[in-house]
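The values are calculated or read from the model by the stated rules, or taken from the named source; none is laboratory data. Quick caveat: nothing in here was measured; it's all calculated off a predicted structure. Please note: Cβ atoms are built from the backbone with ideal geometry, for glycine as well, and neighbour counts cover all protein chains shown. Each accessible area value is taken on the protein alone, full model and side chains, heavy atoms only, with ligands, DNA and RNA left out. Shrake-Rupley method; radii C 1.70, N 1.55, O 1.52, S 1.80 Å.
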Amino acid sequence: MSESLKALLDLLDLEQIENDIFRGRSPEERRQRVFGGQVAGQALVAAGRTVPVNRPVHSLHAYFIRPGDPLVPIVYTVDRVRDGRSFTTRRVSAIQHGKAIFTLSASFQVVEDGPVHQAPMPDAPDPETLPDSLTRLTPMFGEAGARAFVDRRPFDVRHATPLTWEAAKDPALASPESVVWLKVIGDLPDDPLLHVCLMTYASDMTLLDTVLLNHGLAWGDQRTMGASLDHAMWFHRPFRADDWLLYYQDTPFAGGARGLARGQVFTRSGDLVVSVMQEGLVRVSDSGRDG
């Protein structure tokens with residue numbers, strides 16, 4: 001297991017400080033704000049710890065309200081909205097400095113049978129045939145810069161489509177679609193909630209990039225800034241975050257300084273296991289707006 005994965009698992013192991021109240025922290029690395037996938041994953045951990053294990057999560061809907069402060073703990077309060085015969089509903093607020101920075105509603109369901117269909121898995125090269133992130137990023141940022149970025153990621157991420165930084169340099173590479181293979185770097189225990197929370201974390205790593213890729217923009221290009229606004233996920237089937245997962249992403253709309261991206265996550269055998277939607281703030285300084 002990589003050191004970065006050990007660190008992430010430690011972040012997801014929340015401290016319970018009272019009934020339905022949990023405390024989480026952020027990595028010690030210096031950032032201007034808390035990574036959205038982290039707070040979403042921790043909030044789902046908090047919700048899941050108040051639900052029987054025989055009721056897996058099937059959906060979550062979240063809003064990012066304020067930037068998170070990485071220097072202070074995050075308190076998660078869980079509201080037990082409903083405990084029904086088939087469904088359980090939880091609402092979680094993430095609080096810093098006395099104010100909510102994030103809210104999440106999650107629904108859990110007993111396992112039931114019903115009609116089955118799914119969208120087909122898109123064609124993609126096998127992950128082993130694709131260069132890893134270090135190989136892909138080194139030509140753009142040098143080995144030291146690329147390694148500093150890759151070493152703090154607990155996921156092996158391999159792009160089958162252009163990176164935003166590549167499209168920013170070559171507009172011909174711009175695309176409304178992004179195809180990524182990912183898995184955690186290490187083996188995980190058989191804890192379904194843990195695998196779901198790790199995918200919740202990972203779902204925020206590349207999804208909004210798809211909006212930028214369509215316009216030849218990139219984070220860090222000195223003119224683009226943005227942030228996640230809301231996030232929704234639907235969990236269709238069990239999966240393992242330590243097996244390769246194909247994350248197909250596209251962007252159906254951008255406008256009003258916002259961009260919408262959607263994703264579908266498939267197992268290597270072709271099962272659709274997760275669907276994702278996210279809207280984010282995207283401002284470009286040369287568009288005449290004050291970033």
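Residue count for region 221-252 under the criterion of being open to solvent by 60 Å² or more (accessible area, probe 1.4 Å) and touching a helix residue (DSSP H, G or I) at 6+ places or on another chain (Cβ under 9 Å): the result is 5. Just one of the listed residues (V111, V157) is touching a residue at least 24 places away in the same chain (Cβ under 8 Å), closer than 29 Å to G24 by Cβ and under 23 Å from the mean Cα position of the chain (by Cα), and it is V157. Picking from residues in region 142-158 that are of a type outside the set (D, E) and in a strand (DSSP E or B), the one that is farthest from A202 (Cα to Cα) is R158. Just so you know, in region 54-84 the residues that are without any contact (Cβ under 8 Å) to a residue 40 or more places away in the chain and under 30 Å from V111 (Cα atoms) include one that is surrounded by the most Cβ atoms within 10 Å (Cβ to Cβ), and it is D83. The combined condition, being closer than 30 Å to A160 by Cα and out of contact with any His (no Cβ under 6 Å at 6 or more places or on another chain), is fulfilled by L44.
When the residues of region 1-24 are filtered to those that are assigned to a loop (DSSP other than H, G, I, E, B) and without any contact (Cβ under 8 Å) to a residue 60 or more places away in the chain, the one that is surrounded by the fewest Cβ atoms within 10 Å (Cβ to Cβ) is N19. Residues in region 159-180 that are more than 13 Å from Q249 (Cβ to Cβ) and assigned to a helix (DSSP H, G or I): W165, E166, A167, A168, K169, P171, A172, L173. Being more than 25 Å from G263 (Cα to Cα), among the acidic types (D, E) and without any contact (Cβ under 8 Å) to a residue 24 or more places away in the chain: is that true of E143 here? Here the answer is yes, as E143 does meet what is asked.
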